[in-house]
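The structure is given below, and queries will be raised subsequently.
The numbers here are math on the coordinates, done by the rules we state, and not lab data. Since the structure is predicted, the reported quantities are computational estimates derived from the model, not experimental observations. When we count neighbours, we look across all protein chains shown, and the Cβ atoms used for this are built from the backbone with ideal geometry, even at glycine.
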Amino acid sequence: MDRRTFLAGSATVTAVGLSGCSALQTGSANVEQGEYDIGMGSAFFRPAEFEISAGETVVWANTGNRRHTVTAYEDQIPDDAEYFASGGFESEEAARDGWMGNFEGRIESGETYEVTFDIPGEYHYFCIPHEPSGMVGKIVVTE
Ligand SMILES: [Cu+2]
């Protein structure tokens, strides 16, 4: 029994199936694993109100089938806070125009969007296409 074969050592490495993975957007894995803070459904953010401490990051995930945006109300965030909107717009007007033009700023099903909040205060935001349906939310950042 001291004759050894090395067949075991030549065990083939099974290729891990990669089909489809390359097409996934950053964040998809997080969505599947439930690693997000706020989900987006047909016309709602869940939870609609979310509290964090300054310096923390909020991750939104489109957990539904429709396109959504995360767009801050420019006059409903702290004065010294940086404006935020999916698509990277620097103003609410630019975000609205971008959406009207070519659905810019959209977060597709399964995608995520994240923002780090450094300034304490209340941040109100909405989803451009579903604002008429009341798709709004609030982030409360504590000291
Ligand atoms: Cu929406």
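Where does each of 60-73, 100-113 land if you order them by average Cβ count within 10 Å, highest first?
Details: 60-73: 21.8, 100-113: 16.9.
Ranked from most to least packed, the peptides come out as 60-73, 100-113.
Can I ask one more? Could you please report the charge total around residue 100, scoring K, R as +1 and D, E as -1 over all other residues with beta-carbon less than 13 angstrom from its beta-carbon?
Numbers: positive: 96, 106; negative: 92, 93, 97, 104, 131.
Value of the local net charge: -3.
A further question follows. From the phi angles alone, apply the Karplus equation (6.51, -1.76, 1.60; θ = phi - 60°) to segment 134-141 and give each ³J(HN,Hα) in whole Hz, x where the residue is Gly or Pro.
Here the 3J(HN,Hα) series is x, 7, 10, x, 9, 10, 10, 10 Hz.
Say each of residue 37 and residue 76 gets a label point 7 Å from the Cα, pointing the same way as Cα to Cβ; how far apart are those two points in nm?
1.8 nm
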